[in-house]
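J.: Structure in structure tokens, see below.
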Amino acid sequence: MSNDVENVTPARIHDFAWGMARTATLVTALDLDLFTAISRGADTVDALQKNTGASRRGLSGLLTALEASELLERSAEAYKLPPDVEKYLVRDSREYLGDMRHIHRELNFRIWPQLTDAVKEGTPRTEIFATSADEVWSQITPYMDALAAGSGRWIAKVAEDVIPKQPRIFDAGCGYGGCGRSLIERWGGSVHGIDRESSVTLAREFAASANLADRAEYQAGDLFEQDWGGPYDVVLLSNILHGYSPDRAQELLARSVSALRDSSSVIILNEIVPDDTETDPVGAFFSLQMLMTSEGYAHDLAAYHSWLNEVGFTTRRELRSPTGPGTLVVATKDGVK
Ligand SMILES: C[S@@+](CC[C@H](N)C(=O)[O-])C[C@H]1O[C@@H](n2cnc3c(N)ncnc32)[C@H](O)[C@@H]1O
């Protein structure tokens with residue numbers, strides 16, 4: 001046995017194997033809204049027990065696991081939050097991401113135990129893209145909508161030059177409409193979205209409560225079958241192409257070209273695109289997630305470029321989302337510019 005092999009330990013492997021416990025620990029802390037409680041001053045076990053109603057034994061174990069995972073810090077008896085936890089996991093924060101718990105609870109905890117079968121057979125365990133799967137989407141869409149609205153505010157800064165004033169926007173697979181809504185709040189203009197019935201019903205309600213009902217119109221149906229209307233100044237494809245095979249993703253891009261005015265742009269965002277190290281765990285795990293739930297894949301940027309090019313777009317910009325994981329690609333319909 002070489003020295004290298006003799007000196008190794010299984011520590012890294014054990015650590016990897018406990019990955020599921022990490023996810024569950026975080027989800028439970030979010031279910032109990034523990035980080036919010038600490039941020040509001042309930043920072044001891046006694047105060048947290050009163051606040052959450054959880055058992056002493058369970059809570060102590062959970063706090064220890066969170067501290068060991070560096071999601072909490074402690075001095076004497078008082079817990080405090082590291083800055084990233086304070087910013088993203090406290091409900092009062094505008095950047096709150098804690099509703100990610102729904103994706104884990106409603107989807108990941110159910111599908112990941114089926115990975116072995118999915119890998120053996122190469123087929124999804126549960127289709128959530130091609131069919132409506134309402135009960136799953138109704139749980140996870142509010143979180144995605146918050147992410148989408150945040151991305152809309154971000155695009156407002158980084159894609160300002162491709163969005164004209166008072167744009168006509170098409171939001172393909174709009175979910176609850178957060179992305180398009182935040183763009184027309186900033187730019188004026190109007191948005192037209194297509195998604196399943198259950199999503200557009202809520203998209204209409206959200207638009208009405210933001211006083212945007214007269215500028216936001218939603219249509220129920222299948223993106224591959226419905227007429228998208230147009231011509232538009234912007235087509236948004238947010239968090240959708242990675243759910244499809246290369247052929248179908250390219251078909252959505254071809255439909256985007258047809259729906260756009262000349263020289264206007266498609267904005268592709270929140271797609272999980274692996275980074276170019278080929279060792280990006282989020283991209284790689286996401287592809288497995290897509291294997292279990294769809295025909296999709298975490299397509300790489302080279303694939304996006306070639307599809308865009310083939311259907312008649314010129315890529316203008318690619319950026320990683322600052323709140324990641326997710327990538328933005330802006331491409332303009334060929335002809336001018
Ligand atoms: C991951 S969600 C993203 C929603 C929204 N664009 C966002 O960024 O928050 C994907 C959405 O695309 C919708 N979708 C996927 N394929 C579709 C299709 N063929 N027709 C209509 N909607 C579709 C799903 O119903 C779902 O709401």
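J.: If you take every residue apart from SER75 with its C-beta less than 13 Å away from the C-beta of SER75, what net charge results, scoring Lys and Arg +1 and Asp and Glu -1?
T.: -2
J.: If you take the charge dipole of the chain about its Cα centre, with +1 on Lys and Arg Cβ and -1 on Asp and Glu Cβ, which of THR201, SER265, LEU107 is farthest toward its positive end?
T.: It is THR201.
J.: Here's a follow-up. Let me check I've understood the local charge: for ALA149, count other residues with C-beta under 15 angstrom from its C-beta, Lys and Arg +1, Asp and Glu -1. What total comes out?
T.: Summing Lys and Arg as +1 and Asp and Glu as -1 gives -1.
J.: I've got another one for you. Show me 66-73, 327-334 ranked by packing, highest mean number of other Cβ atoms within 10 Å first.
T.: Values: 66-73: 15.5, 327-334: 21.9.
Going from most to least packed, we get 327-334, 66-73.
J.: Subtracting the Cα-Cα distance from 0.36 nm times the residue separation, let me have the gained length for ALA78 to ALA24 in nm, one decimal.
T.: Here the answer is 17.1 nm.
J.: Moving on. Taking only C-alpha pairs under 8 Å that are 6+ residues apart, what is the relative contact order of region 3-93 in percent?
T.: 29
J.: OK, next. What ranking, highest mean first, results for peptides 149-155, 267-273, 77-83, 248-254 when packing means the other Cβ atoms within 10 Å averaged over each residue?
T.: Descending mean neighbour count gives 267-273, 149-155, 248-254, 77-83.
J.: Ok, one more. If contacts are Cα pairs under 8 angstrom and at least 6 residues apart, what is the relative contact order of the chain in percent?
T.: That works out to 13 percent.
J.: Next question. Given the chain, what percent of its DSSP beta bridges are antiparallel, to the nearest 5?
T.: 45
J.: Something else about it: Mind pulling the angle between the C-alpha long axis of helix 134-158 and the longest principal axis of the chain? Nearest 10 degrees, somewhere in 0 to 90.
T.: Once rounded, the angle reads 70 degrees.
J.: Order the peptides 34-46, 86-98 from the highest to the lowest mean number of other Cβ atoms within 10 Å of their residues.
T.: Highest to lowest by the protection proxy: 34-46, 86-98.
J.: Could I ask something else about it? For region 62-67, just list the computed ³J(HN,Hα) in residue order, Karplus coefficients 6.51, -1.76 and 1.60, θ = phi - 60°, integers in Hz, with x standing in for Gly and Pro.
T.: Result, rounded to whole Hz: 5, 5, 4, 5, 5, 5.
J.: To the nearest 0.05, what FRET efficiency results for VAL119 and GLN49 with a Förster distance of 41 Å applied to their C-beta separation? Let's see the in-between values first.
T.: Working: r = 42 Å, r/R0 = 1.04.
So, using R0 = 41 Å, E works out to roughly 0.45.
J.: Still on this structure, please answer the following. Along the charge dipole of the chain, pointing to its positive end and built from +1/-1 on Cβ of Lys, Arg, Asp and Glu, which listed residue (PHE170, PRO83, PRO142) has its Cα farthest out?
T.: Of the options given, the answer is PRO83.
J.: Next question. Give the long-range amide H neighbours of GLY173: residues separated by 5 or more places, or on another chain, with amide H under 5 Å away, using H modelled in the peptide plane at 1.01 Å from N.
T.: Distant-sequence amide H within range of GLY173: ILE194.
J.: Still on this structure: Where is the GNM fluctuation largest for the chain (alpha-carbon springs, 10 angstrom cutoff): ASP99, ASP15, ASP171?
T.: Judging by the Gaussian network model, the answer is ASP15.
J.: If you find the alpha carbon centre of region 165-190 and of region 1-47, how far apart are they in angstrom?
T.: Taking the Cα centre of region 1-47 as reference, the centre of region 165-190 is 39 Å away.
J.: Among the aspartates and glutamates, which have Cα under 18 Å from the Cα of LYS165 when same-chain residues fewer than 8 positions away are ignored?
T.: Result set, ordered by chain and number: GLU185, ASP214, ASP233, ASP262.
J.: Another one. Note down the magnitude of the dipole of the chain about its Cα centre, charges +1 on Lys and Arg C-beta and -1 on Asp and Glu C-beta and zero elsewhere, to the nearest 20 debye.
T.: For this selection, approximately 840 debye.
Every number here is computed from the coordinates shown, using simple stated rules; none is lab data. Remember, it's a predicted structure, so these values are computed and weren't measured experimentally. In this analysis, Cβ positions are derived from the backbone assuming ideal geometry, glycine residues included, and neighbour counts consider all displayed protein chains.
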